[in-house]
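S.K.: One structure, as structure tokens, below. Some questions next.
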Amino acid sequence: MKHSSPLNTIPAIFVQNNLEMATWLNNIGVIMILIAFILLSMKIINSEHPAYKWLNFVGAGFTCVGAYMLGVMAFVVMEAI
């Protein structure tokens, strides 16, 4: 079964804006996850610190939504787990 991207149902005028929004969401999400990793690696926070958990949770959420907007369902499933 072939999965169609959610972008296939959007009028062409909105596709570019949605691609840009998905890219921004993905970039912000990855940066948040990277910041959490750097803070943990530098022992500024530990894995039980609320900031670490929130940076990972929100960052994963952003990347999950961005991947959904791009139709990359395998990544959505991976991030949601």
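S.K.: Which of the three applies to the range 15-80, rounded, prolate or oblate, going by the alpha-carbon gyration tensor with a ≥ b ≥ c and a/c under 1.5 meaning rounded?
M.R.: Note, shape of the range 15-80 comes out prolate.
S.K.: Follow-up. How do Met21, Met42, Met32 line up, fewest other C-beta atoms within 10 Å first?
M.R.: Neighbour counts put them in this order, fewest first: Met42, Met21, Met32.
None of the figures in this text is laboratory data; all of them are computed from the coordinates on show. Since we're looking at a predicted model, the values are computed, not measured. Neighbour counts are summed over all protein chains in view; Cβ atoms, including those assigned to glycine, are modelled from backbone coordinates with ideal geometry.
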